[in-house]
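These notes concern the structure reproduced below.
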Amino acid sequence: MSTVDTTHDTPGNDGPGPDSPGATPARLTPGDVVPVDPGHGGDDSHTGVANAKLAMWLFLSSDCLFFGAFIATYLLYRDRGGQTGPTPKDVFSIPFTSVTSFILLMSSLAMVLALAAIQRGDYRRFRIWLLATALFGAVFIGGQIYEFTEFTRKGLNVSTNLFGSSFFVLTGLHGAHVTVGIVWLMSLWGMSMQGRLTQGDAERVEVAGLYWHFVDIVWIVIFTVIYLLPQP
Amino acid sequence: MTTVTRSLPKTSTPAVPLRRPKATTGFWSWFTTVDHKKIGIMYGAAALFFFVVAGVEALLIRLQLAGPNGTVLTASQYNTMFTMHGTTMVFFVGMPMAVAFGNYFVPLQIGARDVAFPRINAFGFWVIAAGGIFMYSSFLLGGAPNGGWFGYTPLTSTPIAGGALPGHGPDFWAVGLVMLGIGSTTSAINFIVTILNMRAPGMTLMRMPVFTWMMLIVAFLTVFAIPPLTAALIMVFFDRNFDTLFFVAAKGGDPLLYQHLFWIFGHPEVYILILPGMGIVSEVLPVFSRKPLFGYSVVIFSGIAIGFLGWGVWAHHMFATGLGPVTITAFGLATMLIAIPTGVKIFNWLGTVYGGAVKLTTAMLFSLGFVAMFTLGGLSGVMHSVVPADTQQTDTYFVVAHFHYVLFGGLVFAIFSGFYFWWPKIFGHFLDERLGKINFWVMLVGFNVTFFPMHILGLTGMPRRTYRYPAGYGWTGLNQIVSVGGFLVALATLIFVVNVIFSAVKRKPAGGDPWDGRSLEWSIPSPPPSYNFAQTPIVMARDDWWHHKYTEDAEGRLVALPTGGSDDDSPSAAIAKVNAHASEADGRGIHLPSPSFYPLLVAAGLPFLGYAAVYQDIYYLIPGLFLLLFGIYAWGLEPGTEEH
């Protein structure tokens with residue numbers, strides 16, 4: 001009988017084996033070249049989604065509720081009366097934030113191109129697009145740091161009013177997610193430079209990409225709720 | 001993606017900073033193991049330890065309340081005791097114990113060799129252990145949590161300078177629970193991926209054992225319930241430490257927001273605790289009634305229904321807060337509704353036992369005890385859907401009685417049933433049945449003596465969470481009875497511990513299939529080999545192992561197949577021997593995930609980060625971040641399975 005390997009451990013850690021065909025996850029021996037078996041592929045005892053990817057989808061669905069709780073809190077508090085201190089109208093610069101948001105969304109495009117490049121085995125373009133993704137993310141974070149500094153200068157901080165508390169905590173946690181994403185992408189880039197990330201590991205990039213796209217999509221919601229809804 | 005272009009050259013096996021641990025036996029191997037069975041045992045041992053700790057806290061509470069004007073504890077110590085009793089029972093006993101059984105038996109029941117992410121599995125356990133050590137270290141460092149297990153704001157969210165609660169208690173509580181959330185979420189994701197992706201061929205969803213099904217539902221509930229709690233805890237922590245205004249009513253903040261966020265977690269949490277118990281009982285009753293579970297798919301679908309409806313009833317914990325008539329009507333109705341799938345299951349269990357060849361083993365007794373006690377708890381539970389009644393019962397001992405009937409009479413009885421049922425599989429020897437039956441009866445009597453009078457105490461107005469009561473309120477006698485009952489429960493637990501030791505010494509050996517079981521875990525030797533199944537089983541039916549052993553004649557009577565059977569010395573036990581023999585031969589070729597240091601290292605970083613958060617001290621941050629980052633990177637570079 002064939003041996004079984006359960007190396008599909010962390011997202012993006014499949015060990016030095018071949019890649020894992022989506023249809024038969026966790027049933028491969030390193031070194032085996034197993035085509036998708038028509039008898040078992042897509043049968044009734046697994047979903048056909050690779051383990052690491054499924055786990056990332058589950059984590060992201062969990063994270064949705066995490067952000068959801070803070071977004072709901074922001075919405076609950078945005079039209080509370082009797083607040084003192086700066087209001088959104090006093091501090092927001094919509095054009096500036098729109099530009100950094102656009103850059104963040106473009107990073108998703110770069111991420112898609114990076115994944116496509118490593119799937120073709122084009123490592124040079126993969127690294128370029130991966131760097132571009134991380135760079136765009138860093139520009140967004142830079143914009144956020146500038147924004148936070150600017151708001152603080154205008155007299156808004158976490159303890160000024162409910163807007164300050166809910167705004168800084170929500171966008172700060174999103175910024176922390178983007179920062180983790182940048183570190184992750186740069187780690188992949190470093191591995192690629194050392195030749196440890198090959199076409200066979202494209203799934204690791206794909207999983208990181210899922211996370212990155214999620215963080216972008218959440219920003220679309222946050223940006224709409226905080227900046228674009230007519231201010232009370 | 002479907003074609004393999006080339007393998008990595010062997011030389012690229014990354015240089016991992018620490019030498020890979022090799023040992024899979026011996027004391028130190030437990031710290032690096034990634035075997036789901038060993039991790040399951042560690043979860044169980046940790047949960048049992050915390051069960052005793054929480055029990056001691058409960059006994060101190062009962063000593064304090066044994067008479068009017070108790071002097072055993074000060075008010076502040078009493079606050080600590082009921083807070084830590086509740087927190088420990090929910091987060092360090094209930095959840096880890098379910099995960100313990102799940103870890104051990106879900107892969108066995110679906111015919112898998114391990115879970116999908118063995119190292120993340122180990123990480124989950126170490127995070128829970130680290131979280132427990134972190135939270136209990138608060139007793140020595142600046143005050144234990146004292147704001148109640150649901151930590152209502154603004155009591156818990158007022159900064160220390162505000163003087164609402166002395167010490168760092170709520171900080172330890174909030175940070176510790178965030179850690180537990182990390183552990184629970186990772187283990188839940190692991191369960192879902194394992195169950196959805198790693199079933200043996202032919203193991204369709206509707207052939208899965210009910211326990212595995214319930215763990216799947218619980219895992220989904222955990223994945224979605226933990227984040228609102230984490231969010232609420234972050235807000236509490238920020239309010240306390242960084243002067244945010246989330247729950248500061250004077251500045252427009254809304255303390256009720258916390259209650260909503262907490263109970264959006266908290267009510268699904270109730271089902272996270274009880275559904276595994278329902279799963280265990282649904283395994284035990286059919287085996288000892290020698291009948292298939294009555295209405296298998298109804299049990300599954302009502303479990304799923306509970307999983308969905310569980311999200312729509314949270315505000316029944318808040319009826320006394322003045323939510324308005326429309327809201328309370330909606331939540332009252334939803335609460336009545338959720339009693340239906342729960343009640344359906346009771347009838348399924350009764351239908352399973354009815355007309356069966358019932359064998360009253362200890363495991364069976366505990367399961368029957370579960371059905372009876374849980375029904376009582378369910379009845380007092382559905383009373384809370386009647387809002388006017390609930391408003392009277394809120395914060396009285398009636399509520400305390402209700403949730404102990406559900407969680408102790410329900411969950412803990414199911415856990416003990418699971419102990420007696422699966423002990424032979426896990427350790428290869430039986431727990432003593434005579435001591436077991438004494439254990440059961442003492443626990444059943446002790447439990448009812450403890451918690452039944454609380455209904456009456458509650459209805460006569462005794463409020464929960466008061467550290468003393470005056471004489472002459474008519475509460476003295478019943479409280480004395482309750483305290484005696486508490487010590488009976490402690491005695492029952494002691495009998496169990498004695499039984500564990502006694503049975504380990506006596507070692508009455510159990511074969512692979514001591515109970516004539518139905519699901520796949522009984523088809524392999526006890527204790528199972530590290531690779532579980534020598535050959536991946538191919539599943540043809542629900543209760544597949546049973547159908548390997550029995551068939552029915554024309555009149556529907558059971559007929560043992562020549563290759564099947566129950567008795568260890570019957571000729572049919574030969575199949576198990578053949579299986580075991582095959583295992584020895586085949587086991588060598590099976591590639592198992594290798595042990596690893598890094599799950600433990602990464603988890604060990606978290607308490608340091610926790611202390612850094614509580615004390616806002618950079619010196620704790622440095623070792624915490626170092627362990628975390630070093631662990632994660634080394635983990636990332638380490639292959640899951642070492643090449644031989």
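The values are calculated or read from the model by the stated rules, or taken from the named source; none is laboratory data. Keep in mind that this is a model prediction, so the values were computed, not measured. Heads up, the Cβs are rebuilt from the backbone with ideal geometry, glycines too, and the neighbour counts pull from every protein chain shown.
Key figures for this structure:
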| item | result |
| --- | --- |
| Count of region B:430-479 residues which are under 17 Å from B:ALA66 (Cα atoms) and among the basic types (Lys, Arg) | 3 |
| Some residue of region B:79-92 being surrounded by fewer than 24 Cβ atoms within 10 Å (Cβ to Cβ) and either more than 18 Å from B:PHE51 (Cα to Cα) or not assigned by TED's automatic domain parsing to the domain that holds B:VAL218 (or both) | yes |
| Filter result (out of contact with any His (no Cβ under 9 Å at 6 or more places or on another chain), in a helix (DSSP H, G or I) and farther than 14 Å from B:ALA46 by Cβ) within region B:109-149 | B:GLN109, B:ILE110, B:ARG119, B:ILE120, B:PHE123, B:SER137 |
| Scan of region B:166-213 for residues that are of a type in the set (S, T, N, Q) and assigned to a loop (DSSP other than H, G, I, E, B), ordered by number | B:THR204 |
| Matching residues, region B:420-468, being of a type in the set (Phe, Trp, Tyr), crowded, with 16+ Cβ neighbours inside 10 Å and either part of a helix (DSSP H, G or I) or modelled with pLDDT under 95 (or both) | B:TYR420, B:PHE421, B:TRP422, B:TRP423, B:PHE427, B:PHE440, B:PHE447, B:PHE451, B:PHE452, B:TYR467 |
| Hey, A:VAL49 within 17 Å of A:VAL158 (Cβ to Cβ) and either more than 7 Å from every other protein chain (Cβ to nearest Cβ) or touching a residue at least 24 places away in the same chain (Cβ under 8 Å) (or both) or not | no |
| B:ALA305 assigned by TED's automatic domain parsing to the domain that holds B:HIS260 and closer than 28 Å to B:TRP149 by Cα | yes |
| Lone unmet requirement of (1) at the interface with chain A (Cβ under 9 Å from one of its Cβ atoms); (2) touching a residue at least 40 places away in the same chain (Cβ under 8 Å) for B:LEU245 | (2) |
| Among the residues listed as A:LEU104, A:LEU75, A:LEU109, A:LEU60, the single one being free of Cβ contacts under 8 Å to residues at least 24 places away in the same chain, assigned to a helix (DSSP H, G or I) and aliphatic (A, V, I, L, M) | A:LEU109 |
| Positions within region B:53-101 being of a type in the set (Val, Ile, Thr), over 27 Å from B:GLY418 (Cα atoms) and in a helix (DSSP H, G or I), in sequence order | B:ILE61, B:THR80, B:THR83 |
| Tally of residues being within 30 Å of B:VAL614 (Cα to Cα), among the β-branched types (Val, Ile, Thr) and at the interface with chain A (Cβ under 7 Å from one of its Cβ atoms) across region B:195-225 | 1 |
| Test: residue in region A:77-97 that is within 11 Å of chain B (Cβ to nearest Cβ), over 16 Å from A:SER159 (Cα atoms), surrounded by 13 or more Cβ atoms within 10 Å (Cβ to Cβ) and in contact with a Leu (Cβ under 9 Å, 6 or more places away or on another chain) | no |
| Filtered residues of region B:484-522 (kept if in a helix (DSSP H, G or I) and either farther than 24 Å from B:ILE415 by Cβ or among the aromatic types (Phe, Trp, Tyr) (or both)) | B:PHE487, B:PHE496, B:PHE502, B:TRP522 |
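Conditions tested, residue by residue: (1) more than 11 Å from chain B (Cβ to nearest Cβ); (2) touching a Phe, Trp or Tyr at 6+ places or on another chain (Cβ under 8 Å).
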{"position": "A:GLY142", "(1), (2)": "yes, no"}
{"position": "A:ILE145", "(1), (2)": "yes, no"}
{"position": "A:PHE148", "(1), (2)": "yes, yes"}
{"position": "A:ARG153", "(1), (2)": "yes, no"}
{"position": "A:LEU162", "(1), (2)": "no, yes"}
{"position": "A:SER165", "(1), (2)": "no, yes"}
{"position": "A:VAL178", "(1), (2)": "yes, yes"}
